[in-house]
1. Can you show me the helix-derived [θ] at 222 nm for chain B, built from DSSP H runs with n ≥ 4 at -39,500 (n - 2.57) apiece and divided by the number of residues, rounded to the nearest 500.
2. If I compute solvent accessible area with a 1.4 Å probe over the protein chains, what percent of it on the range A:45-230 is carbon and sulfur?
3. Take the alpha carbon atoms of the range A:14-62, find their center, do the same for the range A:205-237, and report the distance between the two centers in whole angstrom.
4. Round to a whole angstrom and tell me the spacing of the C-alpha centers of the range B:454-528 and the range B:160-186.
5. Any idea of the total accessible area buried by the A-B contact, 1.4 Å probe, rounded to 100 Å²?
6. Measuring from centroid to centroid over Cα atoms, what is the spacing of the range B:396-451 and the range B:210-225 in Å?
7. Taking the Cα atoms of chain B, what is the range of coordinates along each of the three principal axes, in descending order and whole Å?
8. Please list, in order along the range B:396-404, the HN-Hα scalar couplings obtained from phi with the Karplus expression 6.51 cos²θ - 1.76 cosθ + 1.60 (θ = phi - 60°), rounded to whole Hz, x for Gly and Pro.
Amino acid sequence: MSGLSVFFLIYAYVALAVFIIGFLVRIWKYAVTPAPLKIPQTPAPVSGPGVLGRMILEVGIFKSLLKGNRITWLFGYVFHLGLLFALVKHYRFFFETSPGWLAYFTTFEMYAGLIMLGGLTMLFVLRLIVDRTAFISVMNDYILLLLLMAIASTGLLLKHYFRTNVTSVKEFMMGVVTFNPQDMPTEAFFIIHISLVFLLLIYFPFSKLMHSGGIFFSSTRNQIDNARDKYWKTPWAKSPESIDIPSNMTQDD
Amino acid sequence: MADTAAEQHEEEVLTDQDIVTGAKEPKPKAGDVKAPELTGRIEIPKLEEGVMGWSKPHAAKPDTMEEMGFPPGLVDNWEEVAVKKLGELLEKYKSLQVYMDICVRCGSCTDKCQFFLGSRDPRNMPVARADLLRKVYKRYFTTEGKLFGKLAGAAKFDLALLGEWYSYFHQCSQCRRCSVFCPYGIDTAEISMAAREIMDQIGIGQKYVNTIIVKLHEIGNNLGMNPKALKATLESTEEDIEEEDGVPVKLPVDKVGAEVLLVTPSADFFASPHVESLIGYAKVFHQAGTDWTLSSTASEAGNFGMFIGNYDHMQRAAMRIRKAIEELKPKRLIVGECGHAWRIAYSFWNTIIGPLDGSVGLKLEYPRPQHICEFTKDLLDRGAIKLDKSANDEFVPTFHDSCNVARASRMGDLPGGQFEIPRALIKAACNRYVEMEEETIREKTFCCGGGGGLLSDEILDVRVQGAMPRMQAYQNVKESHGVNFLGLICAICKAQFTKVVPKYGVPMIEVGGVHQLIGRAIELGAKE
Ligand code: SF4
Ligand code: SF4
Ligand code: SF4
């Protein structure tokens with residue numbers, strides 16, 4: 001096996017390990033940190049299924065963002081949709097056969113990368129030109145967008161101009177996931193594309209990308225509005241009985 | 001801080017605490033405070049970075065701080081103490097932990113805060129406010145911040161940053177408006193509570209809020225009215241009602257075994273226009289034939305412990321109410337008109353002093369606690385009280401959704417009842433009703449500008465600026481529909497508007513409680 005392949009195998013495993021373990025560690029942290037008080041942002045659902053519905057709308061159509069800023073919503077949504085399609089497309093690099101429902105996605109397939117890149121570019125431009133977002137942005141906000149744009153661009157180039165040998169990519173990727181290392185393709189754009197993806201995976205758990213998992217732990221969105229009906233305990237609080245309070249009865253008038 | 005101010009004080013030796021709290025800087029006089037111009041529309045302003053940095057509340061006195069269990073002044077190793085406290089809060093509050101991590105700086109919240117809209121200062125944009133704390137979180141608690149520092153938005157917690165904390169975390173009314181528009185529901189109120197808790201723990205607290213908390217612990221209400229004074233005030237109010245209406249409406253206190261215990265903000269006992277609402281509740285109870293009582297020791301529904309993010313103080317303040325329930329043995333618990341108090345009562349009481357169920361003697365068939373508006377609405381629906389709308393014919397009312405009621409609690413059984421029930425009451429008590437712009441009401445309501453512990457005169461500029469969007473919306477319906485009454489269900493809103501409305505050139509007689517309207521319209525006397 002070539003030195004390059006060995007290097008990339010190690011890189012791949014490190015990236016995947018950091019991503020998976022890092023992500024789980026963060027999520028674990030969110031899950032176990034207590035929510036001492038009921039703080040759903042009302043009007044909130046009064047039942048469990050209601051909360052599920054609220055979450056589906058937040059994750060599915062970014063409902064609150066739509067309320068807040070239509071332009072950001074549009075490009076943010078377009079980007080995420082493109083990303084979703086692009087990810088689904090990568091299915092074929094990991095599995096021998098594709099399930100039938102994937103065919104639906106192929107209709108959009110051609111555009112997925114472009115949509116994603118377009119959305120990202122607009123988000124980048126908006127961040128720069130709207131004075132309020134320019135004010136709050138830090139370098140990493142821009143770098144992250146650039147990284148994603150680079151990944152999308154190299155992916156597009158790979159698909160449309162520098163056609164990489166799909167079979168050899170597949171063999172390499174399958175080798176990675178089945179712990180059966182294979183030589184990797186040596187096309188430059190493929191190497192750049194995959195290096196950036198691994199970089200993104202490594203950065204993921206340490207960055208704001210954790211919004212992807214964190215949203216499910218947002219107390220204002222995931223709590224049921226039933227504070228009066230259901231006793232909610234703060235795990236770390238003092239019991240009320242231990243607090244000494246003057247009596248109504250001993251007051252002299 | 002402005003250069004001129006720094007020059008003026010060249011000779012004086014400023015302590016670190018003075019620098020952070022601006023203790024030696026001149027405070028504006030209430031009379032000099034100017035309201036932003038109303039342009040007819042709530043517009044997103046051009047940014048003027050740092051223009052409100054000078055605004056800082058008075059710092060709490062050393063003895064106040066000590067009574068609360070905080071250091072008397074800024075401790076020497078404050079950076080270390082603050083970081084340790086932040087670490088503790090991150091372990092205790094899921095909201096804080098998650099919200100520190102997941103903001104993507106999308107900007108959706110940036111134009112949603114009334115304090116930004118009124119002040120033009122971009123540091124009052126919710127995400128910028130939260131970032132003041134996030135910077136510290138990143139620097140001391142994240143790999144990203146430790147590796148990339150400023151590039152990742154991390155910063156060392158130095159005196160200048162602490163000064164910004166003291167300015168801008170006291171320009172947030174914890175109204176949660178930003179949270180409505182955030183794709184992840186990030187609630188800057190949670191973050192400003194945490195920041196204030198950290199500041200208290202290193203020895204710099206806010207005078208107005210902390211003094212009141214101490215008073216509440218000592219005496220039982222925010223106004224520091226002892227039971228004797230309270231009873232005297234209530235008696236004279238009883239006399240006033242009887243004189244005016246010729247009906248002996250009572251305001252009972254400490255009556256053991258009464259059916260209902262009413263807990264209401266102490267401002268209702270004598271502030272204006274608050275007392276009109278108290279009279280309204282009393283008339284409702286009277287006419288419904290409800291046996292009710294106030295408590296002289298639990299004479300405060302408000303609970304400023306929440307504003308400073310301190311669980312222990314909030315719990316201790318609320319315990320007075322539990323004690324009153326145990327001693328006065330009511331079957332039902334009802335809360336008067338107050339925004340943050342209703343949030344705490346509705347969302348927190350069951351947790352911090354509960355469970356509020358049969359174990360403390362409350363009847364399970366009623367909501368525990370119940371809002372006075374829910375109670376009155378129920379009586380109206382059952383025909384147990386009658387209203388004569390013509391008594392309010394001089395008013396064309398509109399309704400200001402108090403943010404704590406709108407976005408942090410509920411009334412009735414259905415989501416959104418907190419919007420419908422007070423409106424239904426106003427409509428039942430008045431012939432006319434006009435709604436303000438959709439973007440400024442219900443869950444999108446703007447804060448009055450005085451919530452979250454900002455109701456203090458040295459930061460009147462902030463309060464007046466924060467009131468701008470509401471004043472604009474009110475001004476618009478005033479001009480288009482002749483609206484002349486701003487209906488409220490919050491003691492702080494009432495105090496705040498009474499103070500700031502004249503700055504916008506509107507006479508203050510125009511603000512009042514929902515139960516003020518009910519009290520005027522209710523038909524007293526024998527029922528058929
Ligand atoms: S809306 Fe939420 S995610 Fe967007 S900048 Fe504001 S706090 Fe951050
Ligand atoms: S005042 Fe309200 S809108 Fe502004 S930052 Fe605080 S919670 Fe958010
Ligand atoms: S005073 Fe009223 S409007 Fe202002 S924060 Fe409280 S509830 Fe909201």
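The values are calculated or read from the model by the stated rules, or taken from the named source; none is laboratory data. Just so you know, these numbers come straight off a predicted model, no measurement behind them. Counting neighbours? That spans all protein chains shown, and the Cβs are built from the backbone with ideal geometry, glycine included. Side chains included, ligands, DNA and RNA excluded: accessible areas come from the protein's heavy atoms. Shrake-Rupley method; radii C 1.70, N 1.55, O 1.52, S 1.80 Å.
1. -13500 deg cm²/dmol, from helical runs alone.
2. That fraction is 73 percent.
3. Each part reduced to its Cα centre gives a spacing of 6 Å.
4. If you average the Cα positions of each part, the centres end up 25 Å apart.
5. Looking at A and B, the buried total is near 7000 Å².
6. Spelled out, the Cα-based centre of one part sits 29 Å from the other.
7. Sorted largest first, the three principal extents are 77, 52, 45 Å.
8. So the J values, rounded to whole Hz, are 10, x, 10, 10, 9, 6, 5, 5, 5.
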